[in-house]
Each structure stands twice: as structure tokens, then as C-alpha cells.
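The values are calculated or read from the model by the stated rules, or taken from the named source; none is laboratory data. It should be emphasised that the depicted structure is a prediction, and the values quoted were computed from it without experimental measurement. Backbone-built Cβ (ideal geometry, glycine too); neighbour counts: all protein chains shown.
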């Protein structure tokens, strides 16, 4: 089979398309014929060798795939050959024609969700769900500001927050992104490339501030986020690419909280609840992954450039 292989950490050029043996499922494992693989920002950090998790080399990137069950190992009863599924982590990497997963890493993909959409479920939607429900403990009637509301996690969070009964504010840096955020659940949107946009957000709250901020780029926005918070407000740090200076008094005066999030710390018990909620949302159409670009597997390097480029709009997937 064809797969993307990384032999050494470095730039996007380290992603090599190669012929490798097709894996076979052992007991409790499932082999999935991959139709689409999701590209996430963390994939690029891992490839560069700067991520907290460093896989042993060589490795095939990717945790998010969607496709059809090809074969199951002894004792695997959750799915059967021919089932449409999406993956939540893999054993062998999603950037490939086939991937091997544990039985608990594969989930049913409803018929109304395409494979490309399915490849955009795991990281974006689990992140959005945990950030809103577990980290922020967001409640109906509260106001949430989603920084980067046009990206994969941002659109997932906008859809979810709107369905939960929150007032949803979103930011983006292009008209296309702003339009997408509005279409996917935001009540109001703000151009974060425009000077003074934070004043517009505060004005939209009547001077009260927002209850929750979902932050995708904390090294740029965290300091201003704190000034936008209402009393008892919460900032959930989902993404960050460097350091930033903040004034702790902005937290103290609001009795606020800044909470960090990492997907890999979510427990199996928490995931059981999360996947049940996501599955219901996918099935009834409340949750609908937005795919902005499809690239062939051989163009994985370009996908790694695109996913970090400004003006994110939906999900980038690799097709096989």
C-alpha cells in the first residue's frame, strides 16, 4: 500500500510517499481502508519534532481517518467488514491507504456524512466538545467567543455552542471565513485582523464581557482575551505557538480562570460520553464537518503548509 512516511523530523519536505506493507489486524484490532485522512495543526508540530509527543522514527502521521472496515482481528465485535467508520487515533497512521486501529478507536460514520467529512471529526469535534462541556462548563444563555471560528475546531465549536443555547461570537481574518462562521452558528462575527475589533466585541456584550473564550492562538490573543472576560469568565487555551506576556490582575479582578487543554489527556470514560454526543449530532445533522480543501495523499507536504496558513476556512483532508 501507499503511505506517507517520515524518516526524520523537519519541514514538510520530510513527508515521503512510499510503498509499505499493508498491516494485518491482530486480536482486538481493525484494519480500515482509508478514503480520507484529516490534516491537523498538531500533525505539523509532530513532523517538525517540536510537539510534546515525539513518535519513534520512521512513522506515518495522522490520527483522523474515514473509510470502510477491511478486516477485523480475533475478538473484535464492534464493527464488521464493510462498515463505514471514522477513526479516533490509529496504530499505524492515517496518511495511508490502510490504517490499523484498536477496536475502541473506530466509530460508526452515519450514511449522511461523507468520508471527507468523517476525516474531520476526531480532533476538531472532540476538542470542541471537551472545551465547551468539560473545560468551560458552558451553560445555555452564556456568551462564548470563538477565536478562529472558521477553522476545523472553530466551526465545530460554533455548531456545538449554538445547539447548546449559547450566544456565539466568532472571529476570522477574511470575508470568506467570517461568512462561514456566521453560516455555521455564530450570531455575530468580528474581523480579528482589524484594529479595534476587541472594542467591537465588548460593545456587542453591552460592556459586560464574554463568559467563555475558546482560544486557538494564545500567544497572540491571550492578553486581550483576559480583558474581554465577564466576571467568572473562562479562557480555554486550545492552541498556542509561543510565549506571551499577560497581566494577572486581569484574571484577579474578574475572578476569572485560564484553563489549558490537550486532547491526549482526555480519559476513556470522558471519550465514551463525548463520542455518544458527537455520534448523535452527526446523525441528526446538528454537527456537520466543513471540508475546505481535498488534496491527494501525495500532496501531504502542501497540506502541511496550508493548514498553518492564515485565513483558515474549514478542514483540509487527504484523499486516497
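Some points to look at:
- Conditions (1) on the phi < 0 side of the Ramachandran plot; (2) touching a helix residue (DSSP H, G or I) at 6+ places or on another chain (Cβ under 8 Å): number failed by residue 199: (2)
Conditions tested, residue by residue: (1) farther than 24 Å from residue 124 by Cα; (2) surrounded by fewer than 19 Cβ atoms within 10 Å (Cβ to Cβ); (3) not assigned by TED's automatic domain parsing to the domain that holds residue 296.
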| site | (1), (2), (3) |
| --- | --- |
| 12 | no, yes, no |
| 21 | yes, yes, no |
| 47 | no, no, no |
| 63 | no, no, no |
| 71 | yes, yes, no |
| 75 | yes, yes, no |
| 83 | no, yes, no |
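- For segment 68-85, taking the residues that are assigned to a strand (DSSP E or B) and closer than 19 Å to residue 115 by Cα, the one that is nearest to the chain's Cα centre (by Cα) is identified as 85.
- Scan of segment 287-314 for residues that are part of a strand (DSSP E or B) and farther than 12 Å from residue 40 by Cα, ordered by number: 291, 292, 293, 294, 295, 296
- Residue match in segment 112-124 (condition: within 20 Å of residue 222 (Cα to Cα) and buried (at least 24 other Cβ atoms within 10 Å of the Cβ)): no
- Residue 23 vs. criteria free of Cβ contacts under 8 Å to residues at least 40 places away in the same chain, part of a loop (DSSP other than H, G, I, E, B) and in contact with a strand residue (DSSP E or B) (Cβ under 6 Å, 6 or more places away or on another chain): no
- Close pairs from segment 108-122: first more than 11 Å from residue 318 (Cα to Cα), partner in a helix (DSSP H, G or I) and at pLDDT 95 or above, Cβ under 7 Å, at least 6 apart: 108/279; 109/118; 110/282; 110/283; 113/282; 121/278
- Matching residues in segment 249-284 - criterion: being closer than 30 Å to residue 228 by Cβ, out of contact with any strand residue (DSSP E or B) (no Cβ under 6 Å at 6 or more places or on another chain), in a loop (DSSP other than H, G, I, E, B) and without any contact (Cβ under 8 Å) to a residue 40 or more places away in the chain: 253
- Within the option set 16, 2, being under 30 Å from residue 309 (Cβ atoms), touching a strand residue (DSSP E or B) at 6+ places or on another chain (Cβ under 7 Å) and without any contact (Cβ under 8 Å) to a residue 24 or more places away in the chain holds for one residue only, 16.
- The criterion of at least 1 residues that are touching a strand residue (DSSP E or B) at 6+ places or on another chain (Cβ under 6 Å) and modelled with pLDDT under 95 is met by the following helices (runs of 4 or more DSSP H) wholly inside segment 102-173: 152-164.
- Failed item, numbered, when residue 178 is tested on (1) in contact (Cβ under 8 Å) with a residue 24 or more places away in the chain; (2) in contact with a helix residue (DSSP H, G or I) (Cβ under 6 Å, 6 or more places away or on another chain); (3) outside any loop (DSSP other than H, G, I, E, B); (4) under 29 Å from residue 43 (Cα atoms): (2)
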